[in-house]
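Data block below; observations after.
The values are calculated or read from the model by the stated rules, or taken from the named source; none is laboratory data. The shown structure was predicted, so the numbers you read here are calculated from the model rather than taken from an experiment. Here Cβ is always computed from backbone atoms with ideal geometry, including for glycine, and neighbour counts include all displayed protein chains. Just so you know, the surface numbers come from the protein's heavy atoms only, side chains and all, with ligands and any DNA or RNA stripped out. Shrake-Rupley method; radii C 1.70, N 1.55, O 1.52, S 1.80 Å.
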Amino acid sequence: MGLVSVLLISFCVLSISLVGTDNIVVGIPTTLDGPFKPVTIPLDTTFRGHAVDLPDTDPRVQRVVQGFEPEQISVSLSTTHDSVWISWITGDFQIGESIKPLNPKTVASVVRYGRLRFPLIHKATGYSLVYNQLYPFVGLQNYTSGIIHHVRLTDSVAVHVGGLKPNTLYHYQCGDPSIPAMSSTYYFKTMPASGPKSYPSRIAIVGDLGLTYNTTSTVDHMIGNNPDLILLVGDVCYANLYLTNGTGADCYSCSFSQTPIHETYQPRWDYWGRIALVYWMNNKLAKPRMELGMSKSLYMQPVTSKIPIMVVEGNHEIEKQVENQTFVAYSSRFAFPSKESGSSSAFYYSFNAGGIHFIMLGGYIAYNKSVSPAHQYKWLEKDLAKVDRKVTPWLVATWHPPWYSTYKAHYREAECMRTAMEDLLYQYGVDIIFNGHVHAYERSNRLYNYTLDPCGPVHITVGDGGNREKMAIAHADEPGNCPDPSTTPDEYMAGFCAFNFTSGPAAGKFCWDRQPDYSAYRESSFGHGIFEVKNETQALWTWHRNQDMYNSPGDQIYIVRQPERCPTEPKVDLRFGA
């Protein structure tokens with residue numbers, strides 16, 4: 001830890017003189033001070049890195065609503081501030097050899113909302129669905145969900161008030177008023193309007209959460225930092241570490257190698273929706289119980305019902321079932337601004353949060369160039385071409401498997417995706433890339449194609465949310481840890497792109513023999529990150545360890561944009577076939 005302190009102090013004066021603004025806090029380095037010499041923080045052996053899942057019997061994962069009252073309520077964003085999605089579930093799931101799906105048409109999808117808690121003068125309706133997880137093998141239990149509702153609050157349903165106002169608190173209830181089965185009154189705050197001087201205060205970035213006792217610690221710390229938005233970069237509840245009878249294991253393939261199909265235990269999704277993102281009423285951020293519209297019998301308020309959460313798929317969401325169907329739970333349970341952002345898929349989409357344009361990409365769906373206009377790569381080209389950096393100066397991308405990670409786990413696993421898409425993201429000047437998958441923390445120097453580059457993005461891996469698969473500890477550059485190249489194909493996209501390096505310090509080798517120059521900081525611990533954009537060119541990134549005190553940073557840096565030095569691809573008018 002002493003080395004980090006020395007680095008912070010030594011960069012202090014240089015940071016202030018180069019940036020020349022009061023927004024830079026003395027003692028915190030900036031990317032202008034880099035590239036930094038690689039730092040590895042030794043493993044804290046006192047920290048419990050073997051996370052233990054919350055059991056089915058934990059009272060916090062039990063269903064507490066009655067009949068068709070809403071539960072698992074969440075808010076997610078549309079492409080702009082004037083529209084949001086409200087999602088919830090009514091009715092209980094069924095699991096067994098013989099199941100009878102609920103009829104989604106029997107329960108309406110209604111949201112009443114307004115800027116005042118009472119009366120809620122506006123009304124929006126949406127759609128509902130039920131999904132199944134089915135297995136064509138004797139002895140395996142099938143699953144059918146409760147009724148999942150998605151309602152979009154848009155200007156079309158509130159035309160008389162001009163749509164949702166930016167940076168504004170709205171109260172709402174959801175459910176079916178005809179039964180009646182309406183929720184308590186919750187609230188959310190819209191994003192700031194898009195513009196170069198308009199940003200959310202704090203955005204939490206977290207990955208690979210799961211549903212363990214370490215997960216609850218991660219979420220507790222995250223909510224203590226009071227985020228306006230949560231980005232979950234894949235691997236949600238780890239239902240696929242369980243057999244359909246509820247038996248779980250840290251390594252599914254190791255423990256259940258004889259299963260006829262990779263089973264999943266879908267009730268873990270419901271448990272996660274009920275408890276994974278919650279905070280207790282004695283939390284310092286908690287509102288008075290009556291303000292939250294809570295009955296006296298409840299002692300916690302779901303975080304996702306007030307803080308928008310945006311999710312991208314991870315490998316644990318694949319969940320293969322009959323007829324080779326995949327990602328059914330992921331695609332059904334969350335609302336995505338796919339259509340609004342011109343995407344035809346829940347696996348990739350984009351949205352604005354103030355002056356930030358977020359691009360959410362899929363690492364487990366085809367990403368190479370294609371003539372199909374519905375293809376992810378083609379969509380990405382069009383989405384990037386539409387970005388106006390005068391309106392949204394910051395361009396942030398995220399997907400699950402990292403391109404640049406120096407841990408042995410998943411080392412260079414996403415090389416095919418990198419070779420397909422890195423040039424495009426570099427040309428358009430993506431500022432920061434967030435990933436998960438590797439269960440540890442790592443921050444890169446600015447780089448492009450394994451080379452230090454002052455105009456390349458900063459890559460940050462935050463797959464350290466606390467899931468039961470343990471932390472990643474071994475580094476690929478340590479003696480005896482370099483994987484055999486034959487073990488690193490992209491098994492989902494059927495590609496093999498990771499070869500020995502042809503130039504640089506690792507030429508002729510598959511791994512470096514020391515921490516690579518592009519790796520600025522790495523540490524094995526559970527935690528989360530907070531992203532705070534200060535203005536058009538400066539953003540503060542802070543990573544927090546679970547074992548530290550609240551608000552105590554484990555790694556912190558100002559990420560500084562240099563648009564004059566690093567010009568980006570000009571905006572293209574797609575109306576003329578460009």
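Among strands (runs of 3 or more DSSP E) entirely within the stretch 78-176, having at least 1 residues that are open to solvent by 10 Å² or more (accessible area, probe 1.4 Å) and either under 29 Å from SER341 (Cα atoms) or in contact with a Phe, Trp or Tyr (Cβ under 6 Å, 6 or more places away or on another chain) (or both) singles out 84-90, 94-96, 110-114, 122-125, 127-129, 147-153, 169-176. Select from the stretch 439-465 the residues that are crowded, with 18+ Cβ neighbours inside 10 Å and not in a loop (DSSP other than H, G, I, E, B) and list them in ascending order. TYR441, GLU442, ARG443, SER444, LEU447, VAL458, HIS459, ILE460, THR461, VAL462, listed by residue number.
Residues satisfying the criterion are present in the stretch 365-377 (criterion: more than 28 Å from CYS511 (Cα to Cα) and crowded, with 20+ Cβ neighbours inside 10 Å). The numbered conditions (1) assigned to a strand (DSSP E or B); (2) in contact with a Cys (Cβ under 6 Å, 6 or more places away or on another chain) are all true for THR419 except (1).
When the stretch 376-416 is filtered for residues that are outside any loop (DSSP other than H, G, I, E, B) and of a type in the set (Gly, Ala, Ser), the ones remaining, listed by number, are ALA385, ALA397. GLY354 - would you say it is more than 18 Å from GLY456 (Cβ to Cβ), buried (at least 23 other Cβ atoms within 10 Å of the Cβ) and more than 16 Å from the chain's Cα centre (by Cα)? Criteria met by GLY354.
Would you pick out the residues in the stretch 249-271 that are in contact (Cβ under 8 Å) with a residue 40 or more places away in the chain, of a type outside the set (A, V, I, L, M, F, W, C) and either out of contact with any Phe, Trp or Tyr (no Cβ under 9 Å at 6 or more places or on another chain) or open to solvent by 30 Å² or more (accessible area, probe 1.4 Å) (or both)? ASP250, PRO260, HIS262, TYR271, listed by residue number. Report whether or not THR190 is of a type in the set (Ser, Thr, Tyr), more than 20 Å from PRO55 (Cβ to Cβ), touching a Lys or Arg at 6+ places or on another chain (Cβ under 7 Å) and open to solvent by less than 10 Å² (accessible area, probe 1.4 Å). Judged against the criteria, THR190 is a match. Candidates VAL84, VAL107, VAL111: the one that is under 19 Å from VAL311 (Cβ atoms) and modelled with pLDDT of 95 or more is VAL84.
For SER15, the conditions (1) modelled with pLDDT of 85 or more; (2) in a helix (DSSP H, G or I); (3) touching a strand residue (DSSP E or B) at 6+ places or on another chain (Cβ under 6 Å) all hold with the exception of (1). Would the stretch 396-412 turn up any residue that is open to solvent by 20 Å² or more (accessible area, probe 1.4 Å), touching a residue at least 60 places away in the same chain (Cβ under 8 Å) and touching a strand residue (DSSP E or B) at 6+ places or on another chain (Cβ under 7 Å)? Checked the stretch 396-412: at least one residue is open to solvent by 20 Å² or more (accessible area, probe 1.4 Å), touching a residue at least 60 places away in the same chain (Cβ under 8 Å) and touching a strand residue (DSSP E or B) at 6+ places or on another chain (Cβ under 7 Å).
Check LYS320 against each of (1) at pLDDT 95 or above; (2) farther than 30 Å from VAL138 by Cβ and name the one condition it does not meet. LYS320 satisfies all of (1) at pLDDT 95 or above; (2) farther than 30 Å from VAL138 by Cβ except (2).
Take the conditions (1) touching a residue at least 60 places away in the same chain (Cβ under 8 Å); (2) open to solvent by 10 Å² or more (accessible area, probe 1.4 Å); (3) in contact with a Ser or Thr (Cβ under 6 Å, 6 or more places away or on another chain); (4) of a type in the set (Gly, Ala, Ser); ALA346 misses just one of them, which is (1). All conditions but one from (1) of a type outside the set (D, E, K, R); (2) touching a strand residue (DSSP E or B) at 6+ places or on another chain (Cβ under 6 Å); (3) at positive phi apply to SER74; the one that does not is (3).
Taking the stretch 197-215 as the range and being assigned to a loop (DSSP other than H, G, I, E, B) and touching a strand residue (DSSP E or B) at 6+ places or on another chain (Cβ under 9 Å) as the test, the residues that pass are TYR199, PRO200, SER201, ARG202, GLY207, ASP208, LEU209, GLY210, LEU211. Could we say that SER184 is at pLDDT 95 or above, over 19 Å from the mean Cα position of the chain (by Cα), open to solvent by 20 Å² or more (accessible area, probe 1.4 Å) and farther than 30 Å from ASN324 by Cβ here? It is false that SER184 is at pLDDT 95 or above, over 19 Å from the mean Cα position of the chain (by Cα), open to solvent by 20 Å² or more (accessible area, probe 1.4 Å) and farther than 30 Å from ASN324 by Cβ.
Can you tell me how many residues in the stretch 466-495 are buried (at least 17 other Cβ atoms within 10 Å of the Cβ) and touching a strand residue (DSSP E or B) at 6+ places or on another chain (Cβ under 8 Å)? The total comes to 6. Taken over the stretch 193-210, the criterion of being touching a Lys or Arg at 6+ places or on another chain (Cβ under 8 Å) and of a type outside the set (Gly, Ala, Ser) is satisfied by PRO196, TYR199. Pick from the stretch 199-215 the residues that are open to solvent by 30 Å² or more (accessible area, probe 1.4 Å) and modelled with pLDDT of 95 or more: which of them is nearest to THR80 (Cα to Cα)? Ranking the candidates gives TYR199 first.
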